[in-house]
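Asks: One structure, as structure tokens, below. Some questions next.
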Amino acid sequence: MRLPGGHPAGGNWACKTPGFGICLNSGSGKRGFDTTDMPTIDFADTYTLRQLAGDSCSHLKILEESTGVRCSLKGNTIELAGESYDVELAEHALKDLYKLIKGGFPIYQDDVWYAVRMIAKDRNVDLEDVFKDNIYISSTKKVIVPKSLQQKRYIDAMRLKDVLFGIGPAGTGKTYLALAMGVHYLLKKKVERIILTRPAVEAGERLGFLPGDLQEKVNPYLRPLYDALYDMLERDHVLRLLARDHIEIAPLAFMRGRTLNDAFIILDEAQNTTSEQMKMFLTRTGFNSKVLITGDITQIDLPQGMKSGLVEASQILKDIDELGFVYFSDDDVVRHKVVAKIIRAYEKNGR
């Protein structure tokens, strides 16, 4: 079996549409499959099946590339050919995605890829339970859904825990999902403000050599947080919230001496905190506050020999029931498929 991002199934596709049409993979003869006894799945609703297959059968192509199974769409039936384990995986994905579409959930190409990845990891997963658990941004009607099992667990943990650590590689949605939940809480008036902070650590550049005053020097470190906000809310809305202090974005050093009540607080890039900074930050937690700490312990930019506050916290705080820890891996990367391959290559090289 090949997980998403594997080599594409051979052959050229053709999609003919007299009425609904037929989707065939003309390269099937090269695959060596026995097509005389192919498993078939019958779907009752033609319109739903059309959405399941995708434009020009694009969704079925992704399913082929992801599983190594050949799919043939004929009328209201999809025939599958391949190894039995892979066919079972493809059948599970098709049936669950069909049920999602039937229930009014729109499916995009990436969703097919994510669905196969989740089912391959856990054959008991309920895609409806994952995809329909969302974070709703009411002002823009934006719906943010988990794209992996671990993202689903992360969202669940954010609702349950007042202090939560999200630890894992870049591209797994740690900060984005935390910020989405923070915006949701703010718009629902569950908190009075969002506080976003990062340690301003030199990552190959020295702050003193950057142009401008202190605020201008640290702004590049905080830029990704602004970008994520602009992705969720209208720019003018973000500026209004910033002007009224409903959203505050500041370097970690600015948190010292404060007690933060009624706030959704996110510490990003926490792998670059020192032990003292992490302790200082965690003890800022006030009443009716949520605290999210995110970081990637493989990308620590602290001076050599200095221990990461995130690494230390994950070791000494793990037995406190009120705290939660969610760990992501390269399997949870939701950026371009090549990102997961890059992360694996660096891990293999011991970097």
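Asks: Restricting to segment 236-257, name every residue that is open to solvent by 50 Å² or more (accessible area, probe 1.4 Å) and either among the hydrophobic types (A, V, I, L, M, F, W, C) or at pLDDT below 90 (or both). Can you show your working first?
Replies: Restricting attention to segment 236-257, the residues satisfying the condition of being open to solvent by 50 Å² or more (accessible area, probe 1.4 Å) are 236, 239-240, 243-246, 253-254, 256-257.
Selection gives LEU239, ALA243, ALA253, PHE254, ARG256, GLY257.
Asks: Another question, then. On the basis of being in a strand (DSSP E or B), among the aliphatic types (A, V, I, L, M) and buried (at least 23 other Cβ atoms within 10 Å of the Cβ), does ILE293 make the cut?
Replies: Values: in a strand (DSSP E or B): yes; among the aliphatic types (A, V, I, L, M): yes; buried (at least 23 other Cβ atoms within 10 Å of the Cβ): yes.
Yes: the conditions hold for ILE293.
Asks: Same structure again: Report the residue count in segment 139-174 for those that are open to solvent by less than 50 Å² (accessible area, probe 1.4 Å), part of a helix (DSSP H, G or I) and either touching a His at 6+ places or on another chain (Cβ under 9 Å) or not basic (Lys, Arg) (or both).
Replies: Number satisfying all stated conditions: 7.
Asks: Something else now. Is there a residue in segment 119-138 that is closer than 24 Å to VAL338 by Cβ, in a loop (DSSP other than H, G, I, E, B), under 20 Å from the mean Cα position of the chain (by Cα) and at pLDDT below 90?
Replies: No: zero hits.
Asks: Filter segment 297-316 for residues that are touching a residue at least 40 places away in the same chain (Cβ under 8 Å) and in a loop (DSSP other than H, G, I, E, B); which is farthest from the chain's Cα centre (by Cα)? Working first, answer last.
Replies: Residues of segment 297-316 that are touching a residue at least 40 places away in the same chain (Cβ under 8 Å), as a first pass: 297-299, 301-302, 310-311, 313-314.
Add one more test, that the residue is in a loop (DSSP other than H, G, I, E, B), and what stays is 297-299, 301-302.
On the way: ILE297: 18, THR298: 18, GLN299: 19, ASP301: 24, LEU302: 26 Å.
Among those residues, the one meeting the criterion is LEU302.
Asks: Residues of segment 68-105 being without any contact (Cβ under 8 Å) to a residue 12 or more places away in the chain and either under 22 Å from the mean Cα position of the chain (by Cα) or assigned to a loop (DSSP other than H, G, I, E, B) (or both), which ones?
Replies: Hit for segment 68-105 is GLY104, nothing else.
Asks: Let me ask something else about it. Search segment 175-190 for residues that are free of Cβ contacts under 8 Å to residues at least 60 places away in the same chain and pair each with any residue that is open to solvent by 10 Å² or more (accessible area, probe 1.4 Å) and of a type in the set (A, V, I, L, M, F, W, C) when their beta-carbon atoms are under 8 Å apart and the residues are at least 6 apart or on different chains.
Replies: Here the result reads TYR176/ILE144; TYR176/ALA228; LEU177/ILE144; ALA180/ILE144, each pair linking segment 175-190 to a residue that is open to solvent by 10 Å² or more (accessible area, probe 1.4 Å) and of a type in the set (A, V, I, L, M, F, W, C).
Asks: Sticking with this one: ALA44: of a type in the set (A, V, I, L, M), modelled with pLDDT of 90 or more and open to solvent by 60 Å² or more (accessible area, probe 1.4 Å), yes or no?
Replies: It is true that ALA44 is of a type in the set (A, V, I, L, M), modelled with pLDDT of 90 or more and open to solvent by 60 Å² or more (accessible area, probe 1.4 Å).
Asks: Further question: Could you tell me whether any residue of segment 258-274 is modelled with pLDDT of 90 or more, in contact with a Leu (Cβ under 6 Å, 6 or more places away or on another chain) and among the aromatic types (Phe, Trp, Tyr)?
Replies: no
The values are calculated or read from the model by the stated rules, or taken from the named source; none is laboratory data. What you are looking at is a predicted structure, and each value in this text was computed from that prediction instead of being measured. Cβ coordinates were reconstructed from backbone atoms using ideal geometry, including for glycine residues, and neighbour counts include every protein chain displayed. All accessible areas refer to the heavy atoms of the entire protein, side chains included, with ligands and DNA or RNA removed. Shrake-Rupley method; radii C 1.70, N 1.55, O 1.52, S 1.80 Å.
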